[in-house]
Amino acid sequence: MCSYLMDSSPEKITAENIINQFNYAIEKYKEKINNLKDFSVKIFTSGSFLDDREVSKEARDYIFKKLSEFDNLKEIAIESRPEFIDEDKLNEIRKYIDINVEIGVGIESFNEEIREKAINKGITNEQIIRVIELAKNYNVGIKAYLLIKPLFITEKEAIEDAIYSANKCIELGCSRISFCPATVHKGSVMEYFWSKNQYRPPFLWSVVEILREVKENNPNALIMCDTSGIGSERGTHNLYGCKCNKLIKEKLEKFTLTQDLSILDIECECKNIWEAYIEVENKNIVPLGDERKLL
Ligand SMILES: [Zn+2]
């Protein structure tokens, strides 16, 4: 389902390139930052910030040192696969940074069969649990990225998987849950199945149900939802073109900011279609595609 390969540079990226990018961003916002009481920095590499092949130690040291010079910096968020999170890397961070640090990890699912066979992620539950425990020793939070509806599972299984996985991550001590409903990217295996109508991105009704269930079970946990691609044919949507798509997207954004469950009380006539789709799909041998092409 991933198309980052297509977005990445064919040329080698040097430490100097990354340091220049960082300095450019800091310079651009310097005046704004200096006028703030406090601020957060989120370093979005769409990869592993702690992987030496992606971001060298030299570049990381530079960035952490530079950030430590801001008195009003409140928190730093980075992303990494778990295999790059070890004692050395955590010590490296804590050498410069004593404020709140959170590492986003693509856990995707806590069902090992789904993570391995449907997502092809290449990491085990054991690795994930070890990293959550290790990060706790350094007072570093782990934000769990969870994928809603990978390939090869039904809508109902996707709902159950997301709820189970989030509950498990919270139980293990993840600092935050960030749901990523699947989007069909160009050149991916998911696109191949989608183009044959053997995959449908999740319904927004499923996303709403997942968020409601997880928040009800864990009122103190921070539950977020990525809303990119929502409403498009390749992204998460209810009945394509229905007016509720835009409305629910706004509500999901509002819920992420406020954590207020009452925002998720939403009704639309197309909810019947979602319910019928789940019922029909469960009588089928393989997952269904777009409901409009089934009629
Ligand atoms: Zn609708």
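See the values below:
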| read-out | value |
| --- | --- |
| Residue satisfying condition, being touching a helix residue (DSSP H, G or I) at 6+ places or on another chain (Cβ under 9 Å), of a type in the set (D, E, K, R) and within 14 Å of the ligand (Cβ to nearest atom), within set 254, 271 | 271 |
| Residue in the stretch 184-229 that is farthest from residue 167 (Cα to Cα), counting only those that are out of contact with any strand residue (DSSP E or B) (no Cβ under 7 Å at 6 or more places or on another chain) and β-branched (Val, Ile, Thr) | 189 |
| Of all residues in the stretch 150-181 being out of contact with any Pro (no Cβ under 6 Å at 6 or more places or on another chain) and part of a strand (DSSP E or B), the one that is farthest from residue 281 (Cα to Cα) | 176 |
| Exclusive hit being assigned to a helix (DSSP H, G or I) and in contact with a strand residue (DSSP E or B) (Cβ under 9 Å, 6 or more places away or on another chain), set 134, 147 | 134 |
| All helices (runs of 4 or more DSSP H) inside the stretch 1-96 with 3 or more residues being at pLDDT 95 or above and over 29 Å from residue 180 (Cα atoms) | 15-34, 57-68, 87-96 |
| Residue check, residue 283 under 18 Å from residue 159 (Cβ atoms) and either within 14 Å of the ligand (Cβ to nearest atom) or polar (S, T, N, Q) (or both) | no |
| Number of the condition not met by residue 105 [criteria: (1) in a helix (DSSP H, G or I); (2) open to solvent by less than 20 Å² (accessible area, probe 1.4 Å); (3) touching a residue at least 40 places away in the same chain (Cβ under 8 Å)] | (1) |
| Filter result (touching a Phe, Trp or Tyr at 6+ places or on another chain (Cβ under 9 Å) and closer than 23 Å to residue 178 by Cβ) within the stretch 253-286 | 261, 263, 264, 266 |
| Filter pass, residue 1 being in contact (Cβ under 8 Å) with a residue 60 or more places away in the chain and either open to solvent by less than 100 Å² (accessible area, probe 1.4 Å) or out of contact with any Gly (no Cβ under 7 Å at 6 or more places or on another chain) (or both) | yes |
| Cross-chain or 6+ apart pairs with Cβ under 8 Å, the stretch 42-62 first and crowded, with 17+ Cβ neighbours inside 10 Å, then among the charged types (D, E, K, R) and at pLDDT below 95 | 48/54 |
| Selection within the stretch 63-91 - over 14 Å from residue 140 (Cβ atoms), of a type in the set (Asp, Glu) and crowded, with 16+ Cβ neighbours inside 10 Å | none |
| Residue match in the stretch 192-207 (condition: open to solvent by 50 Å² or more (accessible area, probe 1.4 Å), without any contact (Cβ under 8 Å) to a residue 60 or more places away in the chain, within 15 Å of the ligand (Cβ to nearest atom) and not aromatic (Phe, Trp, Tyr)) | no |
| Cβ pairs under 7 Å, 6+ apart, first in the stretch 264-284 and closer than 15 Å to residue 207 by Cβ, second within 13 Å of the ligand (Cβ to nearest atom) and of a type in the set (Lys, Arg) | 264/251; 266/251 |
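Table: residues versus (1) at pLDDT 95 or above; (2) closer than 30 Å to residue 219 by Cα; (3) open to solvent by less than 50 Å² (accessible area, probe 1.4 Å).
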position: 236; (1), (2), (3): yes, yes, yes
position: 244; (1), (2), (3): yes, yes, yes
position: 250; (1), (2), (3): yes, yes, no
position: 270; (1), (2), (3): yes, yes, yes
position: 290; (1), (2), (3): no, no, yes
position: 293; (1), (2), (3): no, no, no
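The values are calculated or read from the model by the stated rules, or taken from the named source; none is laboratory data. Just so you know, these numbers come straight off a predicted model, no measurement behind them. All Cβ positions, even for glycine, are placed from backbone atoms using ideal geometry, and neighbour counts span all protein chains on display. Areas reflect the complete protein model, heavy atoms only, side chains present, ligands, DNA and RNA absent. Shrake-Rupley method; radii C 1.70, N 1.55, O 1.52, S 1.80 Å.
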